[in-house]
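Step one of this worksheet: look at the structure below.
The values are calculated or read from the model by the stated rules, or taken from the named source; none is laboratory data. The shown structure was predicted, so the numbers you read here are calculated from the model rather than taken from an experiment. With ideal geometry, Cβ positions are generated from the backbone for all residues, glycine too; neighbour counts draw on all protein chains shown. Just the protein is used for accessible areas: all its heavy atoms, side chains included, with ligands, DNA and RNA removed. Shrake-Rupley method; radii C 1.70, N 1.55, O 1.52, S 1.80 Å.
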Amino acid sequence: MASTASPYGFKAVNELGGLPYAGSTRSVPLNPAGYASNVYNGSLVYVASTGYLQIASATGADAGTNGFPTGTANTGVLGVFVGCSYTNTQGQTVYAQYYPANALNGIAFVVDDDRAVFQVQAAGTVGQDALGANVFLTAGTITTGSTTTGNSNTSVVAGASAVTTTAAFRVIGFVNMQGFSTVGDSFTDILVKFNPGYHSYSNAVGL
């Protein structure tokens, strides 16, 4: 059961309405001369004013200072990073779970469907009363991850009491898998969707 904190970022599981997630992604370039940050599988990403992809760093707690992507240019998140290709120091093309900072010619694979449902771990207990509540990302976890697994450390805040009406994600269900996670576990695994305005495709603010 989810009795210990083991966040893994956002994992697409299906579509709103119950259709299976078919695994579709969009290829989006990072700066070909190198982007200065690691980007992990399960991280939220956005298109910067340069036209290249970057990792989102704001919590999505509101539509202002903590809105996506950086708190200043709230154009919305493009989606979830699930891998990439880049050129290594030997000039070879590498396909990887995460993007290592400053790698050349990076191409990210992004789940950009604004109707996708994602599984994510909360930073504490989430009870049944949180169904239908809004949640946002846990500060300090947003841009971090493991270079061993390649996975993001991103989690969401726990419980309905810490949210506002403008938070980035809606809780639409619970994982409820015996031996993995159930409602009310110490670090509950939940199902969420993007709220309108926090995803690039439902946000009218352009670059």
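Rounded to whole Hz and in sequence order, give me ³J(HN,Hα) for the range 109-120 from the Karplus expression 6.51 cos²θ - 1.76 cosθ + 1.60, θ = phi - 60°, writing x for Gly and Pro.
With the stated coefficients, the range 109-120 comes to 9, 10, 7, 10, 6, 6, 10, 6, 9, 10, 8, 8 Hz.
Expressed as a whole percentage, what fraction of the accessible surface of the range 122-207 belongs to carbon and sulfur atoms when a 1.4 Å probe is rolled over the protein heavy atoms?
On the range 122-207, the fraction of accessible area on carbon and sulfur atoms equals 56 percent.
Report, in cubic angstrom per residue, the convex hull volume of the C-alpha atoms of the range 21-138.
Here the figure is 116 Å³ per residue.
Largest first, how would SER181, SER49, SER24, SER146 line up by accessible area (1.4 Å probe)?
Heavy-atom accessible area, descending, gives SER49, SER24, SER146, SER181.
Please express the Cα-Cα pair-distance distribution P(r) of the range 53-207 as a list of whole percents, one per 10 Å bin, running from 0 to the bin with the greatest distance.
With a bin width of 10 Å, the distribution comes to 11, 37, 34, 15, 3, 0.
Name the chymotrypsin sites (Phe, Trp or Tyr not before Pro) in the range 127-207 that are in a loop by DSSP and that have at most 16 other C-beta atoms within 10 Å, would you?
Taking the range 127-207 and a limit of 16 other Cβ atoms within 10 Å, the loop chymotrypsin sites (Phe, Trp or Tyr not before Pro) found are PHE180.
For a quick size check, give me the Cα extents of the range 1-53 along its three principal axes, largest first, whole Å.
The Cα atoms of the range 1-53 stretch 42, 31, 16 Å along the principal axes, largest first.
Given labels modelled 7 Å from the Cα in the Cβ direction, how far is it in nm from TYR95 to THR125?
Inter-label distance under the simple model: 4.4 nm.
What number results when the radius of gyration of the range 145-205, computed over Cα atoms, is divided by 2.2 N^0.38 Å?
So the range 145-205 has a normalised radius of gyration of 1.35.
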